Structure formats: C-alpha cells, structure tokens
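Participant: Before I ask anything, let me first share the structure, which is written out below as structure tokens.
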Amino acid sequence: MKKLPLLASVAALSLCGTAIFSGCKARETSSTARLAFITNGVASFWTIARYGAEAAGQQFGVKVSVHMPAEGLVDQKRIVEDLITRGVDGIAISVIDANNQASFINETSERTKLITQDSDAPSTKRLAYVGMDNYKAGRMLGSLIKDTLPNGGKLALFVGRVEQDNARKRRQGTIDEVLGRSVDSTRYDPPGTELTDGKYTFVVTLTDQFDRVKAKANCEDAVLRYPDLNGVVGLFAYNAPLCIEALKQTQKLGTIKIFSFDEADETLQGIKDGNVAGTIVQNPYEYGFQSMKLLKDILSGDTGAIPHDKFIDIPARRVDSSNIEPFWADLKKKTGKQ
C-alpha cells in the first residue's frame with residue numbers, strides 16, 4: 001500500500017480549456033494522453049474531485065475529461081463504451097456494483113488502462129485502486145458516534161446504495177465499531193435487520209439510489225417511525241444535508257444528532273452551527289489528482305507507479321468542531337472559493 005500525503009503540492013486550479021478534454025493547450029500534441037475520470041453519480045463530492053483531476057491535467061500535460069453519470073449503472077456503462085470508441089488512453093472509475101460490473105470492468109481493462117477510485121472492484125483486472133480503506137473509515141465514524149452519544153441510543157442509517165463496495169464497507173465499519181465488534185472487513189449485515197448490543201441500536205438502513213427526493217423522505221419517515229431516535233447517519237455526501245432539511249421540517253434539528261461522510265458545504269456549515277456532530281471526510285481532490293497522475297505514470301512506462309498491493313491509500317480524516325475552521329479554509333482554497 002502506497003500512502004500519500006493528505007495535500008499534494010499541485011499547480012494552480014485555473015482551467016485552460018473548454019473542450020470535452022481539458023488541459024493546457026500550449027502542451028497539447030497529437031500524442032498527448034487522453035484520460036477520463038468517471039464518477040458513480042452526481043454530487044458535490046465529485047465536483048471537488050473534478051478540480052483535482054483537472055489540476056493534474058494542467059500540471060502533467062494530459063487531456064482530462066470528467067464524467068458524472070446521472071442515471072446509475074446503465075449511464076456509467078454508456079459513458080465508458082463511448083470513451084473506448086473514441087480511443088481514450090486511460091480510465092479511472094468509481095465502480096457502482098463490483099459484482100455485476102466485474103465482466104464489464106475486465107473487458108474494458110483489455111482495451112485501455114483502467115484503475116478504480118473511490119469505490120473498488122478488487123476481484124477484477126483493474127490495475128490499481130486509489131482511495132481510502134472504507135471499512136476503517138466506517139469505524140472512524142462509529143468512534144465519532146460513540147464519543148457523541150456515550151450513553152448509547154437508537155440510530156438510523158442512510159445511503160445511496162449498498163451494492164457499491166465503498167458503501168457496503170463504510171456501513172459495516174460503522175456498525176461494527178458502534179456495536180463493539182472485532183475488526184472484520186468481510187462481515188456483512190444485510191439491510192432490513194435491527195442490530196443491537198443492548199446499548200446502541202441500528203433500527204434501520206434506508207437506501208435512495210441517488211434520488212435526492214427519496215433520500216430526504218427516508219429521513220423524514222425514519223423520524224416519524226422512530227420517535228425516540230437519537231442519531232441519523234448519512235454515508236453519502238448528500239445524505240447529511242438532506243437530513244438537516246428533514247430534521248428542520250420535523251422540528252428535530254438540534255435534538256437528533258447528525259453524523260456524516262464527506263465535505264458538502266451544508267454539512268460543514270452544520271458542524272459550525274452545532275447541528276452536525278462531525279463528518280469523516282475522504283479527499284476527493286486527491287482522488288482526482290492522484291488518479292490522473294497514476295494513469296499518466298502507467299502510460300509513461302513507470303514500473304514503480306503501481307504498489308505491490310495495488311492500493312494507493314489516501315487516508316480519511318475526522319472533521320468536527322475542533323478542526324472545522326482550518327479544514328474548510330483549506331478546502332475553499334483548493335476549489336477556488338476563497
């Protein structure tokens with residue numbers, strides 16, 4: 001496993017191209033590598049990743065395109081097939097369903113250089129995975145929950161889909177840490193079963209398939225179904241912001257604790273306001289930047305670019321009231337919002 005610093009030293013973020021592939025035009029030649037960064041959906045998380053991917057394109061003189069499938073797996077497959085037809089040199093993809101996409105990932109790997117980022121497909125022929133250990137990150141969130149609710153309580157989990165490798169592992173890590181279980185990233189508790197150790201209880205896991213309306217309704221429904229709920233846990237970037245809205249409408253904001261993943265502006269503001277206990281953040285900027293750098297190195301023939309375990313670790317971090325100010329200031333600087 002190759003561990004990377006949290007913040008790589010990168011070039012300025014100004015964009016210097018408006019075509020489908022962006023990069024510095026002054027460095028474009030007929031042999032310039034064409035790389036694609038493909039997400040698993042549309043979210044603010046991926047907007048941050050786009051900045052990193054495009055910054056890498058400028059720094060390394062490669063053409064980078066970023067694609068956010070709005071219609072799930074079918075849309076993602078269509079994007080990949082289109083890129084292959086156009087002769088893309090490398091793809092970094094966040095896999096939606098590792099089991100059902102395995103054959104497609106393997107076929108694509110035979111036609112271009114392919115790595116995974118954010119959500120892995122470890123049993124496929126992908127060259128490497130760029131991201132965090134999602135099970136470990138889930139346990140970090142579980143630790144935050146226990147720190148915030150030391151006397152225990154009832155919790156509801158919200159996530160886009162559990163078919164994704166990252167979603168499944170971060171959910172399981174959260175459950176295992178809160179319930180005091182041993183470390184086992186292969187364990188899996190299917191949704192639909194109440195889980196408890198007598199002190200903490202996960203009453204429900206609700207999925208939304210990236211449907212924002214459904215995601216908000218899920219939180220509203222959980223609050224009504226479980227009036228003694230103590231905390232809501234959002235595992236995707238948009239879940240916590242929608243939980244904030246739902247709790248505000250049900251007059252439970254500030255009463256029910258919110259726990260989150262990722263760094264949506266609404267989540268970070270919620271931490272400052274005291275409505276969100278904290279969030280476990282990845283580093284989507286580095287996902288974008290390091291994925292494009294790795295593909296560029298692979299295409300350049302750098303035999304040392306891929307670590308032995310094929311895992312480039314970009315560690316997760318905990319953000320709460322103690323470090324929200326410096327974290328958010330750095331994020332704004334990176335994304336040109338400062």
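The values are calculated or read from the model by the stated rules, or taken from the named source; none is laboratory data. Values in this document were obtained by computation on a predicted structure and should not be read as measured data. In this analysis, Cβ positions are derived from the backbone assuming ideal geometry, glycine residues included, and neighbour counts consider all displayed protein chains.
Participant: List, please: which pairs have Cβ atoms under 9 Å, are six or more places apart or on different chains, and start with a residue in the range 203-214 that is farther than 17 Å from Arg225 by Cα and end with one that is part of a strand (DSSP E or B)?
Facilitator: Pairs that qualify, where the first residue is farther than 17 Å from Arg225 by Cα and the partner is part of a strand (DSSP E or B), are Asp208/Phe158; Asp208/Val159.
Participant: Let me ask something else. If you scan the range 109-149, which residues turn out to be under 15 Å from the mean Cα position of the chain (by Cα) and of a type in the set (D, E, K, R)?
Facilitator: Asp118, Asp120, Asp133, Lys136
Participant: Could you list, in sequence order, the residues of the range 23-61 that are among the small types (Gly, Ala, Ser), within 30 Å of Gln209 (Cα to Cα), in a helix (DSSP H, G or I) and modelled with pLDDT under 95?
Facilitator: Across the range 23-61, the qualifying residue is only Ser44.
Participant: Condition first: in contact with a Gly (Cβ under 8 Å, 6 or more places away or on another chain) and surrounded by fewer than 20 Cβ atoms within 10 Å (Cβ to Cβ). Now tell me which residues in the range 207-229 satisfy that.
Facilitator: Gln209
Participant: Just need a number here: residues in the range 300-338 that are buried (at least 17 other Cβ atoms within 10 Å of the Cβ) and in a helix (DSSP H, G or I).
Facilitator: The total comes to 5.
Participant: How many residues, within the range 146-161, are surrounded by fewer than 23 Cβ atoms within 10 Å (Cβ to Cβ) and touching a Phe, Trp or Tyr at 6+ places or on another chain (Cβ under 9 Å)?
Facilitator: So the answer is 7.
Participant: In the range 245-292, how many are charged (D, E, K, R), in contact with a Ser or Thr (Cβ under 9 Å, 6 or more places away or on another chain) and on the phi < 0 side of the Ramachandran plot?
Facilitator: 5
Participant: Further, regarding this structure: Going by the structure shown, is Asn99 surrounded by fewer than 19 Cβ atoms within 10 Å (Cβ to Cβ), within 19 Å of the chain's Cα centre (by Cα) and among the polar types (S, T, N, Q)?
Facilitator: yes
Participant: Then there's this: Hey, among the residues in the range 147-166 that are modelled with pLDDT of 95 or more and among the aliphatic types (A, V, I, L, M), which one's farthest from Lys257 (Cα to Cα)?
Facilitator: Val159
Participant: A further question follows. For the range 79-104, which positions are outside any loop (DSSP other than H, G, I, E, B) and touching a Pro at 6+ places or on another chain (Cβ under 8 Å)?
Facilitator: Ile79
Participant: Looking only at residues that are surrounded by 24 or more Cβ atoms within 10 Å (Cβ to Cβ) and among the hydroxyl-bearing types (Ser, Thr, Tyr) in the range 235-281, which one is farthest from Leu144 (Cα to Cα)?
Facilitator: Here the answer is Tyr238.
Participant: Look through Arg111, Arg126, Arg139, Arg161 and report the one residue that is touching a helix residue (DSSP H, G or I) at 6+ places or on another chain (Cβ under 9 Å), assigned by TED's automatic domain parsing to the domain that holds Lys257 and either free of Cβ contacts under 8 Å to residues at least 24 places away in the same chain or part of a loop (DSSP other than H, G, I, E, B) (or both).
Facilitator: So the residue among Arg111, Arg126, Arg139, Arg161 that is touching a helix residue (DSSP H, G or I) at 6+ places or on another chain (Cβ under 9 Å), assigned by TED's automatic domain parsing to the domain that holds Lys257 and either free of Cβ contacts under 8 Å to residues at least 24 places away in the same chain or part of a loop (DSSP other than H, G, I, E, B) (or both) is Arg161.
Participant: Report the residue count in the range 92-133 for those that are modelled with pLDDT under 95, among the hydrophobic types (A, V, I, L, M, F, W, C) and over 22 Å from Ala316 (Cα atoms).
Facilitator: Summing the residues that are modelled with pLDDT under 95, among the hydrophobic types (A, V, I, L, M, F, W, C) and over 22 Å from Ala316 (Cα atoms) in the range 92-133 gives 0.
Participant: Another one. When the range 187-217 is examined, which residues are found to be closer than 23 Å to Asp133 by Cβ and either of a type outside the set (S, T, N, Q) or assigned to a helix (DSSP H, G or I) (or both)?
Facilitator: Hits for the range 187-217 are Arg187, Tyr188, Asp189, Pro190, Pro191, Leu195, Tyr200, Phe202.
Participant: Here are some conditions: (1) farther than 30 Å from Pro69 by Cβ; (2) free of Cβ contacts under 8 Å to residues at least 24 places away in the same chain; (3) in a helix (DSSP H, G or I); (4) among the charged types (D, E, K, R). Asp184 meets all but one. Which one does it not meet?
Facilitator: Asp184 satisfies all of (1) farther than 30 Å from Pro69 by Cβ; (2) free of Cβ contacts under 8 Å to residues at least 24 places away in the same chain; (3) in a helix (DSSP H, G or I); (4) among the charged types (D, E, K, R) except (3).
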